[in-house]
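The values are calculated or read from the model by the stated rules, or taken from the named source; none is laboratory data. What you see is a predicted model, and the numbers here were worked out from it, not measured in a lab. Glycine gets a Cβ as well: all are built from the backbone with ideal geometry, and neighbour counts include every protein chain shown. The protein model used for the area step is the full one, side chains on, heavy atoms only, and it has no ligands, DNA or RNA in it. Shrake-Rupley method; radii C 1.70, N 1.55, O 1.52, S 1.80 Å.
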Amino acid sequence: CQDNEISWLNWDFLEKNREIHDFTKGVISFRKAHPIIRRGEFFTGKQMPGKSSEDIKWFDPKGIEPDWNDKKNIIALLINGEYALDKKNIQDSDIYMMFNASGKNTVFIIPPAPNGKKWKVAINTAESQGLDIFNKDEPEVNKNFFTVKSHSMAVLVANI
C-alpha cells in the first residue's frame, strides 16, 4: 500500500488513450467468451477419441506444419473448440490465430474449421479503432486465405 506518486492513477490519460483502453476491454471480453483459451490443461496436439481433430494444430503461412527452426517470426495455430465446454455444456467456437512479427505483410492459407462453420474476423491488430476487435457481428472471411499485415496478428473464430 502506497499513497504517493508510485500508485496514483492519472485518469486524465483515459481519454487520451481511449483506443488502447477499448481494445483491452474487447480482448478481455473475447477471452471471457471463449473457455477454450482459458482452459486449465496444456494443449497436447493430439486427437482424443470422438473428437474431429487435435486440440491444437500449428501452421506456417502456407498451411503446413511449421519449420520450428525458421527465424521468420510468422506462425499460426488452430484451437479446436470441441475440447472446451461452456457453462451450458456446449462446445466452444474454433479459433485460428495468425501472428506476423516480420516486416512484410504475409498471406496465410486458412484451414477449414473443425466444426465446419465459416471463419469470421474477431481481432485484427492492424486495423483502426472500431475495426480491430469484434465481440459480435464479426465480418466473414469469404476466402481460404487472409493477409496479416507486418507486426500484427489476426484472430478468426468459427462460431458454433
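Which residues, taken from region 45-86, are open to solvent by 80 Å² or more (accessible area, probe 1.4 Å) and either under 19 Å from the mean Cα position of the chain (by Cα) or in contact (Cβ under 8 Å) with a residue 40 or more places away in the chain (or both)? Listed by number, the residues that qualify are LYS57, TRP58, LYS62, ILE64, GLU65, ASN73, LEU85. With (1) hydroxyl-bearing (Ser, Thr, Tyr); (2) in a loop (DSSP other than H, G, I, E, B); (3) within 19 Å of ALA113 (Cβ to Cβ) as the list, and TYR96 as the residue in question, which single condition is left unmet? Exception for TYR96: condition (2).
Report yes if some residue within region 51-72 is among the small types (Gly, Ala, Ser), at pLDDT below 95 and closer than 21 Å to LYS117 by Cβ; otherwise report no. Yes, there is a match, as at least one residue in region 51-72 is among the small types (Gly, Ala, Ser), at pLDDT below 95 and closer than 21 Å to LYS117 by Cβ.
Checking each residue in region 116-143 for being assigned to a loop (DSSP other than H, G, I, E, B), modelled with pLDDT of 95 or more and among the polar types (S, T, N, Q) picks out only THR125. Among residues of region 134-160 that are within 19 Å of LEU78 (Cβ to Cβ) and free of Cβ contacts under 8 Å to residues at least 24 places away in the same chain, those with a beta-carbon under 6 Å from a residue that is open to solvent by 30 Å² or more (accessible area, probe 1.4 Å) and assigned to a loop (DSSP other than H, G, I, E, B) at least six positions away or on a different chain give the pairs GLU140/LYS118.
Residues are listed down the side, and each one gets a yes or a no for (1) farther than 19 Å from GLY26 by Cα; (2) of a type in the set (Gly, Ala, Ser):
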| position | (1), (2) |
| --- | --- |
| PHE42 | yes, no |
| GLY50 | yes, yes |
| ALA84 | yes, yes |
| LYS88 | yes, no |
| MET97 | no, no |
| ASN100 | yes, no |
| PHE145 | yes, no |
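Looking only at region 93-107, residues that are farther than 18 Å from LYS71 by Cβ and open to solvent by less than 10 Å² (accessible area, probe 1.4 Å) come to 4 in all. Just to verify a result, which residue in region 13-68, among those that are of a type in the set (Lys, Arg) and assigned to a helix (DSSP H, G or I), is farthest from ILE133 (Cα to Cα)? Out of the qualifying residues, it is LYS16.
Scan region 146-154 and give yes if some residue there is open to solvent by less than 30 Å² (accessible area, probe 1.4 Å), more than 30 Å from GLU19 (Cα to Cα), at pLDDT 95 or above and out of contact with any His (no Cβ under 8 Å at 6 or more places or on another chain), otherwise no. Checked against the condition, which is being open to solvent by less than 30 Å² (accessible area, probe 1.4 Å), more than 30 Å from GLU19 (Cα to Cα), at pLDDT 95 or above and out of contact with any His (no Cβ under 8 Å at 6 or more places or on another chain), region 146-154 yields no hits at all. Among residues of region 116-128 that are small (Gly, Ala, Ser), those with a beta-carbon under 6 Å from a residue that is open to solvent by 50 Å² or more (accessible area, probe 1.4 Å) and not in a strand (DSSP E or B) at least six positions away or on a different chain give the pairs ALA126/LYS149.
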